[in-house]
Each structure stands twice: as C-alpha cells, then as structure tokens.
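A short reminder: the numbers here are calculations on the coordinates, not readings from a lab. All values reported here derive from a predicted model rather than from experimental measurement. Heads up, the Cβs are rebuilt from the backbone with ideal geometry, glycines too, and the neighbour counts pull from every protein chain shown.
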Amino acid sequence: MRLATLRTESGTRAARIVDKHRAVLIDDFSDAGALLQQPNWRHVAAENGPGIDFAPTDLAPVIPRPGKIICVGLNYAKHIEEMGHDKPEVPTLFIKFPEALTGPYDDAEVPSFNAETLDFEGELAVVIGKIARHVREAEAAGYIAGYSVINDYTQRHYQKRTQQWHQGKSLEKTAGFGPWLDTEWQPGPALTTTVNDEVMQHAPTDDLVFTPAKLVEFISHLYPLEPGDVIATGTPDGVGHARDPQRYLADGDVVRVEIEGLGAIENTTRVISRSLSSS
C-alpha cells in the first residue's frame, strides 16, 4: 500500500495511491502524518473513498510536518571514505526541521545569500508507524510504517564551518520528500541520484553500516519515536562536495533521486536573488 499527501482545492488530504495519476482520498485526514496517528491506520487507509486524479506537482511532502526528522550521517562505507572519516561505532545523528521539507516535485528555492556550495544527498527515509521506546533490533520492523525517498539537501560551507552539521542541513523548503510512503517495500534495491540526467550516486539501499532496524533500536533508547517521525538513513558515495573537481548545484540544476521499486523525487534548484537583510 502506498500512502501520500495530496494538494487539493480544499487543502491537503491523505490519500492511497492507486497508480501514478490516480488516488483514493482517505476521509477526515489532512495528510499521511495525521493518518499515522490512528492506531488502526492500516485498516482506515484500505477503506474505499472518493477517487481523484493527480499530477506529480500535487504531491506534498509525504509527511508534511513530522514531529522529528532524524538524519544519519556517514552510513555508507564508500561515502565515509570519500568524506575522509573513520567508520563510526555508533550512528552519527543530526536534526532537520520540518520547514526544510518540500514536495517531491517542487522546486528547491534558495536565496542567493545561501546558494554557495549546495549539494545533493539522495537517501532512503524510514517512517515510524507506532510509538517506539526502548525497542530491540529484532522487533524494530514492527514499528516501521514504511519507506520513502528524501534528499538531504546540504549547504556545505555552512555545514563545515562548525562541528555541528545542522546549520548546513536544514535550509527552508529544499529537501524533497516523497513521492509516497510504501508500506510493503523493503531495503535492498538500488538508490540512484542524477543531476541533469548524469548519474552521481548509485548504491544498494541495504549496504548500510546501521540498518533501519539498528537505527530504530539506537534512537529509541535516546528518546521515543512517534508515528510520523522520519529517519533519513544516510547517503551513498558520489556527493558533489567529494568530487574532483567539486560539483555543487547551481540555478536550474535538476536533482532526481530514485529508489528502485519505491519511487522517485525530482527537484529543480532555483536561486532567488535576495540580500542577507531581506525578509
């Protein structure tokens, strides 16, 4: 089952995806995140409802305002190597705020004062389906609602100027997220990131230092995970910052992140002329 948040004339609505252009609206829920708050969300999502046609740009971020977006750095061995780090013994975590999210086919609009050293990071996203507290790895799958695709869009200069990564990782409305939440898909198939149709990243999604189950175990021993919370599991090698010469994103560059059997997102970088003092 694939769940999404659709933009309609009357606002956003939770929906069950039928195919690439057709969905069934799920009554009484404004988005997929609100749906996941219901203990019986699987049953509710499977019920019949009004059908609706949609275009890719009608897709909002699949969970528009997660309570938590926990990102994992350095979780693919080759990416760890290309960034010059040692293999971590525990997950490297940082936070992205909901304001960073944008629709899976929206433009990523960046003010010109933030537009240097912009980078792409295609990632597999885990969406939590029920409260997870002190969960064991062997039981973690039961707490995962499903998977989605996210781009950990990064401003490298901001990221690198301190030891805390967050400031380079949460630019407003830059992180494409979607196109939907797939409740049946499982890690393994390849993730591919392209920039203007040129392949930049390609790796199997189960080639992780810390699997989704291990991440749920680790994080849930720090703080509870709630329905609709998101874990971005890290990016493979091939990011623009680590290339020689470095390949940063410019105005008009189209970033597409596709995970085989799960879906794809595609966002165009738009640099908006604006001074640092502008509101």
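Set the Cα radius of gyration of the chain against 2.2 N^0.38 Å, with N its number of residues, and you get 0.96.
Dimensions of region 54-212 based on its C-alpha atoms, expressed as ranges along the principal axes with the largest first, amount to 46, 45, 30 Å.
Per residue, the chain reaches -2500 deg cm²/dmol at 222 nm when only DSSP H runs of four or more residues are counted, each adding -39500 (n - 2.57). Rounded to the nearest 20, the Cβ-based charge dipole of the chain about its Cα centre (Lys and Arg +1, Asp and Glu -1) stands at 600 debye. Rounded, prolate or oblate, given the Cα gyration tensor of region 147-228, with a/c below 1.5 counting as rounded? Oblate is the answer for region 147-228, as a/c is 1.5 or above yet b/c matches or exceeds a/b.
Rounded to the nearest whole Hz, the Karplus-based 3J(HN,Hα) values (6.51 cos²θ - 1.76 cosθ + 1.60, θ = phi - 60°) of region 60-77 follow the sequence 8, x, 4, 10, x, 9, x, x, 9, 10, 9, 9, 10, x, 6, 10, 10, 4, with x at glycine and proline.
Remark on Thr235: its backbone amide H falls under 5 Å from those of Leu74, Asn75, Tyr76, a criterion applied only to residues 5 or more positions apart or on other chains, H modelled at 1.01 Å from N.
Residues whose amide H lies under 5 Å from that of Val110, counting only those 5 or more places away or on a different chain, are Arg270, Val271, Ile272; hydrogens are built 1.01 Å from N in the peptide plane. Bridge orientation summary for the chain: considering DSSP beta bridges with both residues in this region, about 85 percent are antiparallel.
The gain in end-to-end length when the Asp206 to Ile131 segment is fully stretched comes to 24.6 nm, 0.36 nm per residue minus the alpha carbon separation. Computed over region 53-144, the P(r) tail beyond 21 angstrom holds 51 percent of alpha carbon pairs.
Each of Gly122, Pro104, His221 was placed along the dipole of the chain (beta-carbon charges, centred on the mean Cα), and the one lying farthest toward the positive end is His221. For Ser275, Ser148, Ser170, the sequence from fewest to most other C-beta atoms within 10 Å is Ser275, Ser170, Ser148.
Using C-alpha pairs under 8 Å with a sequence gap of at least 6, the mean separation divided by the residue count of the chain gives a relative contact order of 24 percent.
DSSP loop (so not H, G, I, E, B), at most 10 other Cβ within 10 Å: list which GluC sites (Glu not before Pro) in region 101-204 pass both filters.
Glu184
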